[in-house]
Each structure stands twice: as structure tokens, then as C-alpha cells.
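Novice: One structure, pasted below without further comment.
FYI, it's all coordinate maths here, none of it is from the lab. All of these numbers come straight from a predicted model, not from anything done at the bench. FYI the Cβ positions are ideal-geometry reconstructions off the backbone, even for glycines, and counts take in every protein chain you see.
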Amino acid sequence: RMRIYMDMCCFNRPYDDQSRLQIELETKAKLYIQHLIKNKKLEMVTSFMLRFENSKNPFVMRRDVISDFIDRYSSHFVSSTSLPELEDRINMIKRTGIRQKDATHVACAIFTRCDYFVTTDKRLLKFKSNELELINPIDFIAELEEN
């Protein structure tokens, strides 16, 4: 099965202002991805960084819904005990201009051999890796349906 990692901006997309078509389509695509995860068509990798970022969400309902989904449907979890193994890669990713948290997410996805890293972060989508494809939820669904 295909293995994916979604970052926190992807998890939060349904809570963003849906008045822009791009955001509405990304939300629908993200919810469809969650449907595929629930039905075991995709494997979802999560990490200590996702949990940490989610714990900082000031909206309790959103935080709880995201936390529940992560806890319930995560196939693989990267704990903070893996940090020593991740540090070199995180630093290498950061040298390309990616921020610490995002670099940690990407390193976790590469570490667990994810096929795709799904994000709505335009700046992060510019990062290129031979080991992982960073992709917007809409493009991910389009690519899934082609195969």
C-alpha cells in the first residue's frame, strides 16, 4: 500500500476560510484522502512533530478531532526517540531554507519511506527530494486516479 505523510497545514485545511475555490478543493481532496486512509487504501505516517504542533492549536474541538484521527488511523508513528537518527537529515533540509518544524516533518516522512508528503504549504511544495514527492492534496488525488 501507498504510504503518505500529511503535515499540519493539510490537517487544518478544512478549518480555513472556504470562500476561495482553491481552499475548498484542497479541503475536499484532503477529506477524500482521509476517507482512503480510514478504508485502508492508504497508510498514514504521523510523528511527534504533528502531535506537538496539534497540541498548540488554540481551538479545542479542532485539536481533538485531528488528534483522534491521528491516534486512530496512523499506521506508523515516528517518536521523538528517533530524533538522533533524523538530525542530520533535518539539518540538510533546513539548509535549503525550510523551517525547523517543516524540515522535521519531511525528515520523518523520508525516514519511514513515505511515497508522498501531502501539504498545502506553497513554500514547502518547492522543496525537492529524490526520496519523496511533496504534493498538494488536489494533485495527489489526480495522480492517484491516473494509476
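Novice: When the Karplus curve 6.51 cos²θ - 1.76 cosθ + 1.60 is applied with θ = phi - 60°, which whole-Hz ³J(HN,Hα) does each residue of region 69-76 get, with x for Gly and Pro?
Specialist: 5, 4, 5, 7, 10, 6, 7, 9
Novice: Please list, in chain and number order, the residues 5+ apart from ARG3 or on another chain whose amide H is under 5 Å from its amide H, with Hs placed from the backbone.
Specialist: Distant-sequence amide H within range of ARG3: GLU43, ASP115, TYR116.
Novice: Then there's this: Counting only pairs 8 or more residues apart or on different chains, how many lysine pairs in region 1-113 have their Cα atoms under 28 Å apart?
Specialist: Close lysine pairs found across region 1-113: 17.
Novice: Hey, got a sec? Which GluC sites (Glu not before Pro) in region 1-54 land in a DSSP loop and have at most 14 other Cβ atoms within 10 Å?
Specialist: Taking region 1-54 and a limit of 14 other Cβ atoms within 10 Å, no loop GluC sites (Glu not before Pro) are found.
Novice: Once you put a point 7 Å from the Cα of MET61 and another 7 Å from the Cα of HIS35, both along the Cβ direction, what distance in nm separates them?
Specialist: Between MET61 and HIS35, the label points sit 2.3 nm apart.
Novice: Could you sort 4-15, 88-99, 121-132 so that the peptide with the highest average Cβ count within 10 Å comes first and the rest follow in order?
Specialist: Put in order of decreasing packing, that is 4-15, 88-99, 121-132.
Novice: Moving on. How big is the convex hull of the Cα atoms of region 62-112, per residue, in Å³?
Specialist: Here the figure is 83 Å³ per residue.
Novice: Which shape class applies to region 63-147: rounded if a/c is under 1.5, otherwise prolate when a/b exceeds b/c and oblate if not, where a ≥ b ≥ c are the square roots of the Cα gyration tensor eigenvalues?
Specialist: Oblate is the answer for region 63-147, as a/c is 1.5 or above yet b/c matches or exceeds a/b.
Novice: Moving on to the next point. Could you tell me the calculated FRET efficiency between LEU21 and LEU125, based on Cβ-Cβ distance and R0 = 22 angstrom, to the nearest 0.05?
Specialist: Efficiency computed from Cβ-Cβ geometry: 0.75.
Novice: Need one number for the chain: average projected area of the convex hull over its C-alpha atoms, nm².
Specialist: Here the figure is 8.6 nm², rounded to one decimal.
Novice: While we're on this one: For region 95-109, just list the computed ³J(HN,Hα) in residue order, Karplus coefficients 6.51, -1.76 and 1.60, θ = phi - 60°, integers in Hz, with x standing in for Gly and Pro.
Specialist: Values, residue by residue: 5, 8, x, 7, 5, 3, 4, 5, 4, 5, 4, 4, 4, 4, 5 Hz.
Novice: Let me ask another. With charges only on Cβ, +1 for K and R and -1 for D and E, what is the dipole size of the chain about its Cα centre, in debye, rounded to 20?
Specialist: 220
Novice: May I pose another question? If you plug each phi of region 6-14 into the Karplus form 6.51 cos²θ - 1.76 cosθ + 1.60 with θ = phi - 60°, what whole-Hz ³J(HN,Hα) values come out, in order, with x for Gly and Pro?
Specialist: Result, rounded to whole Hz: 10, 8, 5, 5, 5, 4, 8, 3, x.
Novice: Where a ≥ b ≥ c are the square roots of the eigenvalues of the C-alpha gyration tensor, would you call region 1-62 rounded, which needs a/c under 1.5, or, failing that, prolate if a/b is larger than b/c, or oblate?
Specialist: Since a/c reaches 1.5 but b/c is at least a/b, the shape of region 1-62 is classed as oblate.
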